[in-house]
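The values are calculated or read from the model by the stated rules, or taken from the named source; none is laboratory data. Being a predicted model, the structure only gives us computed values, none of them experimental. As a convention, Cβ positions derive from the backbone with ideal geometry for all residues, glycine included, and neighbour counts pool all protein chains shown. When the accessible area is computed, the model is the full protein with side chains, heavy atoms only, and any ligands, DNA or RNA have been set aside. Shrake-Rupley method; radii C 1.70, N 1.55, O 1.52, S 1.80 Å.
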Amino acid sequence: MARKQYTLEYIIHSSPAILFEFLTQTTNLAQWFSDYCDSSGDIFIFGWGGSYQRAKQVEFVEDQFVKYHWEDSPKTEFFSFKVYKSEISNETILEITDFAEAKEIKEQTFLWDKQVEDLKHAIGA
């Protein structure tokens, strides 16, 4: 069954530059996204409860956009973080794009909601 791309948006009370550091720097990623994070060049190793996954950082636009590809995922799949200011409210928006089975999107959204709460706490937002 084909997995579907979905996008989530969150308001983050932070400057785009600070938020972006939490999406790209290993010490910051380990505070909210995973239990463990290290990198070598564009390869990031994420750990949860003793199991590890490798992702390649495939796109990077300073303070705006980062895209990762899990090494064991289909070539067309990725997860990405886009950071921008809302033109209407001037709030910082975090846009997350990911892939999941259609029946798992609700569960995955709940997981992202939890992780973004951890992100907000880590930033102090």
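Numbers at a glance
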quantity: Some residue of segment 36-56 being of a type in the set (S, T, N, Q) and under 11 Å from the mean Cα position of the chain (by Cα); calculated: no
quantity: Residue satisfying condition, being open to solvent by less than 40 Å² (accessible area, probe 1.4 Å), β-branched (Val, Ile, Thr) and either outside any strand (DSSP E or B) or farther than 16 Å from Thr7 by Cβ (or both), within set Val66, Val58, Val116, Val83; calculated: Val116
quantity: Members of segment 86-98 found to be at pLDDT 95 or above and either open to solvent by 50 Å² or more (accessible area, probe 1.4 Å) or more than 12 Å from the chain's Cα centre (by Cα) (or both), listed by number; calculated: Glu91, Thr92, Ile93
quantity: Subset of segment 14-47 [of a type in the set (D, E, K, R) and loosely packed, with under 14 Cβ neighbours inside 10 Å]; calculated: Asp35, Asp42
quantity: Residue in segment 14-34 that is modelled with pLDDT of 95 or more, in a strand (DSSP E or B) and among the hydroxyl-bearing types (Ser, Thr, Tyr) present; calculated: no
quantity: Of residues in segment 69-80 being of a type outside the set (Phe, Trp, Tyr) and in a strand (DSSP E or B), the one farthest from Ile45 (Cα to Cα); calculated: Ser80
quantity: Residues being loosely packed, with under 15 Cβ neighbours inside 10 Å and at pLDDT below 95 - total across segment 1-12; calculated: 2
quantity: All positions within segment 99-112 that are part of a helix (DSSP H, G or I) and surrounded by 12 or more Cβ atoms within 10 Å (Cβ to Cβ); calculated: Glu104, Ile105, Gln108, Thr109, Leu111, Trp112
quantity: Residue check for Thr76: polar (S, T, N, Q), open to solvent by less than 20 Å² (accessible area, probe 1.4 Å), more than 13 Å from Leu23 (Cα to Cα) and in contact with a strand residue (DSSP E or B) (Cβ under 9 Å, 6 or more places away or on another chain); calculated: no
quantity: Of the criteria (1) more than 23 Å from Pro16 (Cβ to Cβ); (2) open to solvent by 20 Å² or more (accessible area, probe 1.4 Å); (3) in contact with a strand residue (DSSP E or B) (Cβ under 9 Å, 6 or more places away or on another chain), which one Ser51 fails; calculated: (3)
quantity: In segment 73-96, the residues that are without any contact (Cβ under 8 Å) to a residue 24 or more places away in the chain and β-branched (Val, Ile, Thr); calculated: Thr76, Ile88
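To keep it simple, each residue is scored yes or no on (1) touching a residue at least 40 places away in the same chain (Cβ under 8 Å); (2) among the acidic types (Asp, Glu).
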| site | (1), (2) |
| --- | --- |
| Gly49 | no, no |
| Val66 | yes, no |
| Asp98 | yes, yes |
| Gln108 | yes, no |
| Glu117 | no, yes |
| Lys120 | yes, no |
